[in-house]
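As structure tokens, the structure follows; a few thoughts come after it.
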Amino acid sequence: APTMLELGHAPALDRTEGRSLVPTLAGDTVPHWRQAFQIEYYTDSVFARIRNMGYKALRTDRYKYIRYTELVGVDELYDLAQDPEEIHNLLANGAPFAPVSELDAQLDRILATGATSSP
């Protein structure tokens, strides 16, 4: 939204999340750009095959971590450097994977504060 507002020469809205991409589109170097972003999908109530499939996710430059909100034991983690097509879930079969605790904590911080930069 901030990008569209700036492109349209409209004033910023109160409590608008995000930052304008206009400086990046213009080729400017933008310091302190976010290191991760949050993804959310809410459960569909119309199509039975995707009920209870809501999730909160975190995407970093290397990982995509998906934490389902209604399903237990099916969270997903992909190493995008090694598996850009997201074929091999590193959490399949309940296998532990070291980055999960930090990604989980980072997702909790983002959900609590809206902060997308690494501390």
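The values are calculated or read from the model by the stated rules, or taken from the named source; none is laboratory data. Please read these numbers as outputs of a predicted model, since none were measured by experiment. No Cβ is skipped: glycine too gets one built from the backbone with ideal geometry, and neighbour counts run over all protein chains shown. When the accessible area is computed, the model is the full protein with side chains, heavy atoms only, and any ligands, DNA or RNA have been set aside. Shrake-Rupley method; radii C 1.70, N 1.55, O 1.52, S 1.80 Å.
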>> For a test of the definition: using alpha carbon positions, the gyration tensor, and the 1.5 limit on a/c, classify the stretch 1-91 as rounded, prolate or oblate.
In response: oblate
> For the Cα atoms of the chain, what angle does the longest principal axis make with the long axis of helix 100-113, in degrees from 0 to 90, nearest 10?
Replying inline: 40 degrees
> Using a 1.4 Å probe, what is the accessible area per residue for the chain, in Å²?
Replying inline: 71 Å²
> What net charge is computed for the residues neighbouring GLU86, neighbours being all others with C-beta under 10 Å from the C-beta of GLU86, Lys and Arg scored +1, Asp and Glu -1?
Replying inline: -3
> 222 nm [θ] for the chain, helices only, -39500 (n - 2.57) per DSSP H run of 4+, per residue, to 500?
Replying inline: -5500 deg cm²/dmol
> Quick one: with all protein chains in place, what share of the accessible area of the chain is carbon or sulfur, to the nearest percent (1.4 Å probe)?
Replying inline: 55 percent
>> Between PHE37 and SER101, how high is the FRET efficiency from 1/(1 + (r/R0)^6) when r is the Cβ-Cβ distance and R₀ = 30 Å? Nearest 0.05.
In response: 0.95
